[in-house]
């Protein structure tokens, strides 16, 4: 049954996606991820896990090959209590943190995450925060630099590889949205196999971003959409 975006009135048809289309999404960018992102997780694959934050401000995905991805960190330290409900609390390690866009509601809690968890890498769309969000953004970037955490810029067409496993494909932003005056137009949209389902993670994505993604990948029929 189609799923409708809460903020956009955009219907996303949910049907299984063919392996051919999956392969088309995973065209890797020239910037290789394998030597950059490393995971502290060891042992046999575990059951996939998906957790969506209390207000949709953060999403944690534990993939079958024991790789954890956190998309956004909410606006404050409450993300720490939320992460305690996820498998990340077992090792206090997150392989990849993705900041979908540089607004305080997305990254405000990440300073606390950096204090409590080891992070393999942080990815964002390459843009800095604006207005009143600037001081908190600068403080976060300084903490990232002090800890030596790799900071990676993602865009449509990139593929995220962690320990040789295909963790996710990046569906947005494209170059047009990445240069928009509205930072929300540069929101990162991911495609991953989470909890055994082909899943689109579009945290608070703008309607125009979702329309562009659907137009670019008309065959895309995910099992689930997280917004």
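Each value in this text was obtained by applying a stated rule to the coordinates, not by laboratory testing. If you're wondering where the values come from, they're calculated on a predicted model, not measured in any experiment. Glycine also receives a Cβ, built like all others from the backbone with ideal geometry; neighbour counts cover every protein chain displayed.
Applying the Kirkwood pairwise sum to the alpha-carbon positions of region 80-190 produces a hydrodynamic radius of 14.7 angstrom. The slack in the chain from residue 145 to residue 116, taken as 0.36 nm per residue of separation less the alpha-carbon distance, amounts to 8.8 nm. Subtracting the Cα-Cα distance of residue 81 and residue 132 from 0.36 nm times their residue separation leaves 15.8 nm of extension gain. If the segment from residue 90 to residue 165 were pulled out straight at 0.36 nm per residue, it would be longer than the present Cα-Cα gap by 24.9 nm.
Neighbour counting of Cβ atoms within 10 Å sorts the residues 66, 175, fewest neighbours leading, into 175, 66.
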